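Notes to accompany the following structure.
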Amino acid sequence: MRRNNRFNVQRTALCGLLTAMMLVLGFIESLIPVAAGVPGIKLGLSNGVLIFALYMLDAPTAFVLMIVKVVLSGLMFGGVSAMMYAMAGGVMSMLTMMLLKKFHFHLVIISMFGAVMHNVGQVLMAMLVLQTPKLMYYMAILMFVGLATGAVTGVAANATIKHIKKLRK
């Protein structure tokens, strides 16, 4: 019983640290102008933390961390409308990454598809809210950018996970 309690405390502390990392990375990311004049393009730095959680913890924990990150980021930085778009993107991204992980796709591929599906979720939400299908044209740009940023995030997450697994041995 005592060992199980210690494990739960460590896991809760790790989840708190991962949440804090995602919030800090999200804030830093908001300060970086990735593509001036092209709205909605971000690096997706906190996605690397979610991928880490997906591989080093488990899928349900990673999903909850995504929800906590979206809610806290929305409350601190964005508001309800930003939260709505981030939640749509986050849910689609996490479900896709969880599914691809089950089929043993490489982590970088999973990250790339997660980034693309995050953009898809946000654009679909925008199409729903704004009642315009014309935003579908913007999807092509976001998919290309999502593949590129997802690859970078995936490579970083993969390197981090490999390093931590070596440290555990």
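When G79, G44, G74, G16 are checked against the criterion of being within 30 Å of Y137 (Cα to Cα) and either at pLDDT 95 or above or in contact with a Gly (Cβ under 8 Å, 6 or more places away or on another chain) (or both), a single residue qualifies: G44. When the stretch 109-152 is limited to residues that are of a type in the set (S, T, N, Q) and closer than 17 Å to M94 by Cβ, the one that is surrounded by the most Cβ atoms within 10 Å (Cβ to Cβ) turns out to be S111. Scoring A62 on the criteria (1) without any contact (Cβ under 8 Å) to a residue 40 or more places away in the chain; (2) within 11 Å of the chain's Cα centre (by Cα); (3) farther than 18 Å from N158 by Cα leaves a single failure, condition (3). Out of G44, G48, one residue alone is surrounded by 12 or more Cβ atoms within 10 Å (Cβ to Cβ), in contact with an Asp or Glu (Cβ under 9 Å, 6 or more places away or on another chain) and either charged (D, E, K, R) or touching a residue at least 40 places away in the same chain (Cβ under 8 Å) (or both). It is G44.
Listed here are the residues, each with its yes/no results for (1) without any contact (Cβ under 8 Å) to a residue 24 or more places away in the chain; (2) among the small types (G, A, S).
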residue	(1), (2)
G90	no, yes
H104	yes, no
L130	yes, no
A140	yes, yes
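Residues that are in contact with a helix residue (DSSP H, G or I) (Cβ under 9 Å, 6 or more places away or on another chain) and more than 16 Å from A86 (Cβ to Cβ) within the stretch 49-59 comprise I51, F52, A53, L54, Y55, M56, L57, A59, listed in sequence order.
The single condition from (1) touching a helix residue (DSSP H, G or I) at 6+ places or on another chain (Cβ under 7 Å); (2) within 17 Å of N47 (Cβ to Cβ); (3) of a type outside the set (K, R) that M127 fails is (2).
The values are calculated or read from the model by the stated rules, or taken from the named source; none is laboratory data. In this text, all values refer to a predicted model and were calculated from it rather than measured experimentally. Glycine gets a Cβ as well: all are built from the backbone with ideal geometry, and neighbour counts include every protein chain shown.
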